[in-house]
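Below is one structure, written out as structure tokens; the observations come after it.
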Amino acid sequence: MTDQDPRRAVLLALMVFLAGDGVAAAASDAAAELFSRPSTARELSSGLLKDALDEIGRSTVVEGKFRQQRTVRKLPRPLQSTGDFLLVRQLGLRWRTLEPIQDEFVLTRQGLSLKSQQRNLPRARRIELGAVTDLMFALFSLDVDALDRRFALFGDGSSTNWQIGMRPRDRATAGAIRQVTVHGGLHVDSIAIVNTAGDELRVELLGIVAHGGEADAAQRAIFEPHSP
Amino acid sequence: MAPRIVARFWLWLAALAALAAVFLLIVQPRLTIETDLLDLLPRDRAEGTLADRLASFAGTGARRLLFLVGHRSTEIASAASTGFADSLAASGAFADVHAHWAAQMDSASALYRENRFVLLARSIQASLEANRPEEVEQGALATLYSPIAFARPGGSDDPLGLDASFLLEEVPSAGAAQLEGDQLVVREGDTTYVLIVAQLQGSPFDSGVQQQASAAIGAATAAAQSAAGGDGGAIRVLVSGALPHATAATRSATREVALLSTIGTVAVLALLVSLFRSWRAPALGMVALAAGGSAGIAATYFIFGRVHLIALVFGSSLIGVAIDYSMHYLSDQFRGPHWTPESALRHVAPPILMSMGATLAGFAGLLLMPFPGLRQMAVIALAGLPVACATVLLVFPVLAETRPARLPAWCGRFLIALDGWSAGARRSRYFLRLIVPLLLVAALGLVRIQFQDDIRALQPPANDAVTMERRTRELLKDSTETAVFLVSARDAQELLRSEERLTAELARMVEGGRLGSFRAVTQSLPSEARQRAAFDLLHRYVYSRDGVLARVMRKIGYDERAIAAELATFPPSPHFLEPATWLAHPASELWRPFWLGESGGTFATVVTLGGAGDLAELRSVGARLPGVRFVDRVHDISQTLMRYRVAVSWLLAGIYFVLATVLAFAFGLKAALRLMLPPVGAILIALGGLGWLGIPVTLFTVLALLLTLAMAVDYAIFLHEARNERRTALLAVTLSALTTALSFGLLAFSTTPFIRAIGLTLAMGLGACWLLAVASAEAPDSDPPSPESIA
């Protein structure tokens, strides 16, 4: 518990940032516009994202709801789900799906744990989740330097209404992801990921409550390591 | 000079020329030096062919190399790793180079698709067996709605994600490395490493393979740097596997042996030149050594096909015994004004032949041991010593000085002093004051002796290869154990069922956190019994009319027609995945080494382990299950080393006994006791010294004692036989001890622990031999008894 992975600490801070106002995502034709405007990590962090990155440091506990839509080409309709999340800086992130199914996972400095009913499934899912954990960390924390190493970056808009785009630089990342777009202002409002099969995942963050005080005992208990 | 001597000289010279030609033209170009300590050891004969196949599995593992090519930019790391892998593959040093895994994934996926009605992930099968289909349903939905499911393979062809679950559970453990696209990637800080797995063409302990592979890795590193473009200097390449260790060991051992023997040779030459005041004596000494060495190595090559480094080190120090013969002949020149080559032969040939006979008899005993390394040493000695001896007796009389020589004044004074001391020591309390206390101190040291048989302790100390290995393992969080399970049975299906009983236990240990991971064939090829169970479970819970599949499809929006069509794909009876089909499928490529196949009516597989905490529990699992054996190679090898340390110790004791008996018959009991003092005392002092120094006794120390014995016998016999020419005999013995100590005692400065132990043992043993032989040398026959001895 004592050794702290600085990158994960950054991730937690970023989750604070993730907690936006729940503004709806930008229109898709804006995407074409976005990907015609290449940018760099330095430009983004000192320009478009400066206010947002400053905001990351201020909150210790962030709670909110999310709305997620997963569009899979071969499925008859998009998969929509809603739920809530809790981010406690220094401890971790809980992502809880409430409708139409109940499922949750908890990311801590020690890694990932699953608290769903399907006790017998963890290995396969752990491998799967582990495979994208680093990317999640970089994405949720808006760690532009880390993202810059794997993606070509694009940026558009103003510091109150910005969008950044990412396309894989390397063959490895390109094997899984086609492009990523993030929209926001002072906070992140939405993230959209398109995979190589053309399926899209869109997450919107809503009703964010953030404060700089300590997490309470119940909140801390969520991140306590549990017996296997 | 007698024509007979000249004729024999020319004949032998012709033989030596032939030997040189054979050595230089046939042996030397083809000679490979083995460095794998395990190759010195015998195989457990009781295990027969199974052991052979297990050894070949271990050999496959030893040939595997893991490379991590890293850079701050994922893009550059990816490109550089591709350049690296392409260069490795083109080098011809590797049988196999894997950097991209897409084909592997695709073929595994294809195999699953073809057999999806009989294959189930262990976790899903467990849920269904426990009559909890809702867990499978919940898991499938959770995955479908998970925000990070976008990276999942397969997708909507398989709404339940059964294939992904099976493939993900089957994924060979690459430690912390994650599949990104078709490359395995591990990240640390801001550096991305791409994993490349390569298989060497030959054994990493083969010096030829080492050279070829090292060159290939160097070229691949350059290729990676050039693929990285302007930032090539920042590319980092880490290697893990047996090769870097073996290469480092070979390099340091060869470098040390070369350096130390050069120092030794220079010192010996300086000594001999200053003593004999001509180059002829040392040059002839070298000729005798070279002749013996070439004969020994050539014989070993023709019998064994290769020479082990340790056999070479020991064997060549045994040839060092041959320098005794040269010194004995050359020192004889100083005997007096009436010296002639003919008289020298009469004078030195009997003791030389006698001590050679004793040495050969002792080392022939090594041939009886089922221990390849010892046999090689014995062959080097048995072929080398007679050739060296013949060279001294046949070549020296013609080529060495044919006139008597005079000792340099300093040497004469030294010998007079030594003789005086020796005579004094023999008759006075010097013996009591020096030798007896020395032996007592040594005996006390014996109490402190420790034995060491752990093979790991014999390996060279930490070096770059070890550091890099540790680094790679840290990055990959991989800790493959050297211990494995060997599963065997009369037929393939029984074998797979046995393995499943084992993996069920192992899975429980993994869940309980007492084991990191394991790899077993049944993860990819379940037994027919298990396949039938999977088919029945799928039939009952998943593909039934209102089963898991229908419920999940309904929830995610499929209409009834689509659901009915999907349910109709389920076959009326199972079609099993057979071992033969599996073996022939490209998907089993990475698993095939684990399948040892059939031989002599026995089928066998290997199950490997990662991150085992407690070997005792694994050992008891192996003991409990039928057809399963826990094989801990390191432990077994250490046991073997111990058995052979004990066996060689008994052999040593046996040689002592035989020697004492032979000497008693030849010279009488009293003389035999005196003659045995140097060899017995030398071993006592060497062992006591090791005890006091805290250096553990290993098999190799005991072997060094065997050499000490051979030399001690030489000294004692020379001094006894030449008791009427004490000063030349003393000179011969002193020269011999000095030159051998210079040649091989210098090994005490080696950084490889076991070579250092050999050197130290030899240095202490030889010193003691010389001291005791000189101190206990018999009085000349004509020597009048002195007043002290009567008193």
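Every number here is computed from the coordinates shown, using simple stated rules; none is lab data. None of the values given here were measured: they were computed from a predicted structure. In this analysis, Cβ positions are derived from the backbone assuming ideal geometry, glycine residues included, and neighbour counts consider all displayed protein chains.
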Taking B:E560, A:E200 and counting other beta carbon atoms within 10 angstrom, the fewest-first order is B:E560, A:E200
Stokes-Einstein D for region B:493-643 (20 °C, 1.002 mPa s, Kirkwood Rh from Cα pairs), in µm²/s, comes to 116 µm²/s
Taking R0 as 51 Å and r as the Cβ-Cβ distance between B:L399 and B:D464, the FRET efficiency 1/(1 + (r/R0)^6), rounded to the nearest 0.05, comes to 0.60
Taking R0 as 35 Å and r as the Cβ-Cβ distance between B:A18 and B:K670, the FRET efficiency 1/(1 + (r/R0)^6), rounded to the nearest 0.05, comes to 0.15
Taking the alpha-carbon centre of each part, the distance from region B:320-398 to region B:602-640 in Å is 49 Å
By Cβ neighbour count within 10 Å, fewest first, B:I303, B:I380, B:I323 rank B:I303, B:I323, B:I380
So the pair-distance distribution of chain B, from every Cα-Cα distance in 10 Å bins, comes to percents of 2, 11, 18, 18, 15, 11, 9, 7, 4, 2, 1, 0, 0
Taking every residue of B:130-143, the Cβ atoms of other protein chains inside 10 Å of its Cβ average out to 5
One finds, for B:M1 and B:F749 with R0 = 45 angstrom and r their Cβ-Cβ distance, a FRET efficiency to the nearest 0.05 of 0.55
For B:A584 and A:E43, extending 7 Å from Cα along the Cα-Cβ vector and measuring point to point gives, in nm, a value of 5.8 nm
Extend 7 Å from the Cα of A:L98 along its Cα-to-C-beta direction; within region A:49-80, residues with backbone N under 17 Å of that point are A:62-69, A:80
By the Cα gyration tensor axes a ≥ b ≥ c (a/c under 1.5 gives rounded; else a/b larger than b/c gives prolate, otherwise oblate), the shape of region B:554-699 is prolate
Magnitude of the Cβ-charge dipole (Lys and Arg +1, Asp and Glu -1) of region B:607-695 about the Cα centre, nearest 20 debye, reported as 280 debye
Placing each pseudo-label 7 Å from Cα in the direction of the beta carbon, B:A51 and B:T569 end up separated by a distance in nanometres of 5.1 nm
Over all Cα pairs of region B:320-430, the Kirkwood radius sets Rh, and Rg/Rh then becomes 1.09
Final fewest-first order of A:D84, B:D559 on the 10 Å Cβ neighbour count is B:D559, A:D84
Computed for chain B: size of charge dipole around the Cα centre, +1 on C-beta of each Lys and Arg, -1 on C-beta of each Asp and Glu, debye to nearest 20, value 3200 debye
Using alpha carbon centers only, region B:243-318 is separated from region B:522-565 by a whole-angstrom value of 72 Å
Classified through the alpha carbon gyration tensor (a ≥ b ≥ c as square roots of its eigenvalues; rounded if a/c is under 1.5, else prolate when a/b is larger than b/c, else oblate), region B:248-319 comes out oblate
Taking only the alpha carbons of region B:210-264, the radius of gyration and the largest Cα-Cα distance, Dmax, both in angstrom, are 15.5, 49
Extension length gain for B:E114 and B:A529 (0.36 nm per residue less Cα distance), in nm, is 147.6 nm
Calculated from DSSP helices alone, with each H run of at least 4 adding -39500 (n - 2.57) and the total divided by the residues of chain B, [θ]222 nm to the nearest 500 comes to -21000 deg cm²/dmol
Protection proxy (average C-beta count within 10 Å per residue), highest first, orders B:656-663, B:26-33 as B:656-663, B:26-33
A student applying the Cα gyration tensor rule (rounded when a/c is under 1.5; otherwise prolate if a/b is larger than b/c, oblate if not) would label region B:197-353 prolate
Highest mean packing first, using Cβ neighbours within 10 angstrom, the peptides B:503-512, B:710-719, B:670-679 sort as B:710-719, B:670-679, B:503-512
Scoring region B:297-398 by relative contact order with C-alpha pairs under 8 Å, at least six apart, yields a percentage of 42 percent
